[in-house]
1. Could you please let me know if A:H217 is more than 11 Å from chain B (Cβ to nearest Cβ), over 22 Å from A:E72 (Cα atoms), in a helix (DSSP H, G or I) and not aromatic (F, W, Y)?
2. Restricting attention to the range A:192-227, report how many residues are farther than 22 Å from B:M67 by Cα and not acidic (D, E).
3. Restricting to the range A:84-123, give me the number of residues that are touching a Ser or Thr at 6+ places or on another chain (Cβ under 8 Å), more than 7 Å from chain B (Cβ to nearest Cβ) and more than 30 Å from A:V37 (Cα to Cα).
4. So B:S18 fits all but one of (1) over 17 Å from the mean Cα position of the chain (by Cα); (2) more than 30 Å from A:I245 (Cα to Cα); (3) of a type in the set (S, T, N, Q); what number is the exception?
5. Can you tell which of B:L177, B:L167 is in contact (Cβ under 8 Å) with a residue 24 or more places away in the chain, in contact with a strand residue (DSSP E or B) (Cβ under 9 Å, 6 or more places away or on another chain) and either aromatic (F, W, Y) or surrounded by fewer than 13 Cβ atoms within 10 Å (Cβ to Cβ) (or both)?
6. State which residue is farthest from the chain's Cα centre (by Cα) when the search covers only the range A:190-214 and only residues that are part of a helix (DSSP H, G or I) and of a type in the set (A, V, I, L, M, F, W, C).
7. Quick one: would you say A:Y153 is within 12 Å of another protein chain (Cβ to nearest Cβ) and aromatic (F, W, Y)?
8. Identify, please: which residue in the range B:27-65 is of a type in the set (V, I, T) and closer than 23 Å to B:A165 by Cβ and is, among those, nearest to the other protein chains (Cβ to nearest Cβ)?
Amino acid sequence: MAATSASVSAAGEAPLLNQRNLWCFGIAYYCVYYLIVRWYEGVYGWSAGLDAFAPEFNTYWMPILKIEVPLEFATASFIASYLWKTRTRDFSTVSNREILRRHFHHFVWLVAYANAVYWGASYFTEQDGTWHQTIVRDTDFTPSHIIEFYMTYPIYICTGIGCFMYSYTRLPYFAKGVSLPYLLVVVGPFMIFPNVGLNEWGHTFWWMEELFVAPLHYGFVFFGWFALGILGLFAQIFDDLTGLIGKDVCPDV
Amino acid sequence: MSSTQSAVRSHAEAVQVSRTIDYLGLFILFFVILGGFHVHAMLTMGDWDFWSDWKDRRLWVTVTPIMLVTFPAAVQAIVWEHFRIGFGATLCCISLVLGEWINRYFNFWGWTYFPINIVFPAILTPGAILLDGVLILTNSYLATAVFGATAFALVFYPCNWVIIAGLHMPVEYHGILMSIADISGYHYVRTGTPEYIRMIEKGTLRTFGKDVAPVSAFFSAFVCIMIYFIWHFIGRWYGTTKFLQQT
């Protein structure tokens with residue numbers, strides 16, 4: 001991987017894979033951020049998050065909710081608008097080398113998306129299970145929900161929007177239409193977020209803390225399946241890459 | 001864009017690019033599948049996997065393989081056919097188990113203080129290796145469904161026996177017959193304590209002798225065959241390469 005960058009950098013042009021973007025944006029940004037979030041949960045979950053009617057709950061938890069939601073809307077809007085505004089309008093001037101470089105940028109976006117999906121759908125979702133089987137909820141906006149539903153889910157949605165928009169505006173293969181598997185892999189998990197509404201409504205309606213596999217949660221399952229769209233997306237990406245570095249254009253391969 | 005100009009400049013660079021893409025792709029596939037599979041797993045069979053006192057001889061043995069043969073079947077349908085990758089099921093199960101272990105340690109233990117020997121996840125990898133092995137050896141989805149999915153379910157209980165056996169030891173506690181897992185559960189009361197909701201080992205199970213787990217495993221195996229077929233086609237559907245509008 002390092003050789004890919006080094007060999008190209010020696011030629012005096014931008015590397016195909018920007019390692020700094022990969023490690024800083026794709027990996028470190030999400031991990032460091034969520035480790036800080038987890039530390040905050042550990043400290044203020046027990047000390048200020050047990051009673052939604054207590055003053056300390058309004059001090060330590062509700063401000064996070066009030067700040068994060070508008071910030072996420074703004075971020076998603078900015079990412080989509082920026083990528084659309086700076087889109088490539090004429091692909092005939094873009095070399096195959098540049099398209100390959102953009103594929104690597106796209107992979108960095110997808111690494112970030114995979115990272116964000118892991119933290120949101122795996123780490124903080126199952127964490128919610130143990131918190132609510134231990135601390136009986138008295139509000140929709142519990143410490144685990146404020147992080148899981150209103151922070152980690154929107155963050156992977158924002159990242160997914162970024163992935164999709166980058167491919168749609170920068171890669172000719174994906175600019176030719178709306179990729180169905182890409183739509184599935186981004187919109188499916190996106191729909192988990194609206195499903196939160198059903199979940200929260202149901203929890204105010206039925207008392208069902210004792211069963212994490214309760215039917216009310218099946219909406220999350222259904223939309224979680226859409227992550228399998230990554231399979232079709234990979235088939236499309238590799239189809240395009242075969243054209244870029246396949247035998248017909250690179251006799252050495 | 002020139003369609004004849006190569007994007008790479010040498011054989012060596014083509015190999016480097018190809019390998020780099022492989023690593024990145026594997027990372028992405030691993031963690032996206034982890035996220036989707038973990039949501040699916042925790043919300044369809046999660047309670048049985050969370051707590052050792054839910055890991056009984058009937059529902060745990062039945063529900064877990066049926067719910068977990070799904071993603072492996074879907075992933076195998078695409079990665080074997082399109083990429084000739086023979087470890088689709090193993091990748092799914094290893095990613096799921098990794099996600100579960102991280103969670104059980106840092107959250108079940110690290111945040112809500114349940115001991116690890118109450119909240120460890122089930123072992124899934126041997127069944128997944130069998131599922132992949134059958135597909136690689138036979139190159140047949142039909143054979144994989146019939147023999148692989150059956151094996152996936154049948155080996156589930158034996159593979160987990162090494163970690164669950166000690167917790168199923170019978171003990172007499174205040175004059176009542178219990179298991180070690182029961183007693184552990186009583187000391188760590190949750191809203192999901194099974195004796196409260198009366199789901200675990202109910203009915204005639206505890207008077208049914210030793211034959212419950214094999215019967216449950218075989219029933220699970222039969223259902224797994226059907227589920228494998230269904231999810232194979234679900235995988236194919238998600239593996240579509242269509243575009244919604246061609247311009």
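The values are calculated or read from the model by the stated rules, or taken from the named source; none is laboratory data. Since this is a predicted model, take the numbers as computed values, not measurements. Here the Cβ positions follow ideal geometry from the backbone for every residue, glycine too, while neighbour counts run over all protein chains shown.
1. Against the criterion (more than 11 Å from chain B (Cβ to nearest Cβ), over 22 Å from A:E72 (Cα atoms), in a helix (DSSP H, G or I) and not aromatic (F, W, Y)), A:H217 does not qualify.
2. Final tally of qualifying residues: 12.
3. Selection size over the range A:84-123: 4.
4. Unmet for B:S18, out of (1) over 17 Å from the mean Cα position of the chain (by Cα); (2) more than 30 Å from A:I245 (Cα to Cα); (3) of a type in the set (S, T, N, Q): (2).
5. B:L177
6. A:F205
7. For A:Y153, the condition - within 12 Å of another protein chain (Cβ to nearest Cβ) and aromatic (F, W, Y) - is met.
8. By that ranking, first place goes to B:V63.
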